[in-house]
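Student: Provided herewith is a single structure, encoded as structure tokens, for subsequent inquiry.
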Amino acid sequence: MIDLHTHILPGMDDGARDSATSLELLRMEKAQGVDRVIFTPHFYREREDAASFLARRREAIARLEAAVERLSQEERAALPQWEVGAEVAWMPNLVDREELNELCLGKSRYFLLELPMAPWGDQLIHQLYDLMGQGRVTPVIAHLDRYWSAQRPEKISDLLRLGFPIQVSADVLLRTLSRGKALRMMQRGQVHLLASDCHSLHHRPPNLGSAMEVVARKLGQSQADRLCRWAEEVCAPADEAAAQ
Ligand SMILES: [Fe+2]
């Protein structure tokens, strides 16, 4: 199982503060049945440029790798694999941003996109449409559930019509109030991906396995398997995906 939306890299954002926390989060991921994690620290273009973000990301990876080096062989073997990506916050002129190529999930051509909470205008939908037409990189829409109450239903419908992969937070499946809506959208093929968006050991912990169990129990194992296949697809290296 792949968790493709996480804030585990140490000291990058509002996620793990240090390498010890990162290692504990990785152990928790493994305990949830996750064998591959994508690190997706927040990237806010209005706060820093891509070069600075990528340098910070390299440093954070080096810190984590140094901490892993200090583990025993057995402890190392008990950690999931990892790759890097980013959670890219919406920015003006998204379609023209060359840096998106370097912010994709692993070696894929998909990147995780965080949309604004402020009301979406037609401009936002048009930009996404243009990005689709370009065919260079494809956004995965992060945590759609966050916009259910913040955006007008017709705007959500406009977004769904574009056909991008849609991710929902695992947490939504673990809360009885929001679970039904997420399950109905999965059945309609409107939600493709589940991810933990984990930030910390307690407040927003790794919980993907628990959410997948809910999906399997309520909709059947085939639906849970479908979500896992989507995650494999959006994280597949671009050259492998092109060869299929
Ligand atoms: Fe996130």
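The values are calculated or read from the model by the stated rules, or taken from the named source; none is laboratory data. These numbers come from a predicted model, not from an experiment. Quick reminder, even Gly has a Cβ in these numbers, built from the backbone with ideal geometry, and neighbours come from all protein chains shown. What goes into the accessible areas is simple: the full protein's heavy atoms, side chains included, and nothing from ligands, DNA or RNA. Shrake-Rupley method; radii C 1.70, N 1.55, O 1.52, S 1.80 Å.
Student: Among the candidates Arg17, Arg47, Arg27, Arg58, which residue alone is open to solvent by 70 Å² or more (accessible area, probe 1.4 Å) and either touching a His at 6+ places or on another chain (Cβ under 9 Å) or over 30 Å from Ala77 (Cβ atoms) (or both)?
Tutor: After applying the criteria, what remains is Arg47.
Every residue, every condition in (1) part of a helix (DSSP H, G or I); (2) not small (Gly, Ala, Ser), yes or no:
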{"position": "Glu48", "(1), (2)": "no, yes"}
{"position": "Arg58", "(1), (2)": "yes, yes"}
{"position": "Met91", "(1), (2)": "no, yes"}
{"position": "Pro119", "(1), (2)": "no, yes"}
{"position": "His126", "(1), (2)": "yes, yes"}
{"position": "Gly133", "(1), (2)": "yes, no"}
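Student: Further, regarding this structure: How many residues does the stretch 108-135 contain that are surrounded by 20 or more Cβ atoms within 10 Å (Cβ to Cβ) and within 16 Å of the ligand (Cβ to nearest atom)?
Tutor: Looking only at that region, the number is 6.
Student: Can you pull out the helices (runs of 4 or more DSSP H) entirely within the stretch 142-244 that have at least 2 residues that are among the hydrophobic types (A, V, I, L, M, F, W, C) and touching a strand residue (DSSP E or B) at 6+ places or on another chain (Cβ under 6 Å)?
Tutor: Fully inside the stretch 142-244 and qualifying: 208-219, 221-235.
Student: Where residues in the stretch 90-105 are in contact (Cβ under 8 Å) with a residue 40 or more places away in the chain and under 17 Å from Tyr129 (Cα atoms), which of them is farthest from the ligand (Cβ to nearest atom)?
Tutor: This residue is Arg97.
Student: State whether the residues of the stretch 137-150 include one that is within 16 Å of the ligand (Cβ to nearest atom), free of Cβ contacts under 8 Å to residues at least 60 places away in the same chain, touching a helix residue (DSSP H, G or I) at 6+ places or on another chain (Cβ under 6 Å) and within 17 Å of Val214 (Cβ to Cβ).
Tutor: There is at least one residue in the stretch 137-150 that is within 16 Å of the ligand (Cβ to nearest atom), free of Cβ contacts under 8 Å to residues at least 60 places away in the same chain, touching a helix residue (DSSP H, G or I) at 6+ places or on another chain (Cβ under 6 Å) and within 17 Å of Val214 (Cβ to Cβ).
Student: All but one of (1) outside any loop (DSSP other than H, G, I, E, B); (2) more than 15 Å from the ligand (Cβ to nearest atom) hold for Ile38, so report the exception by its number.
Tutor: (2)
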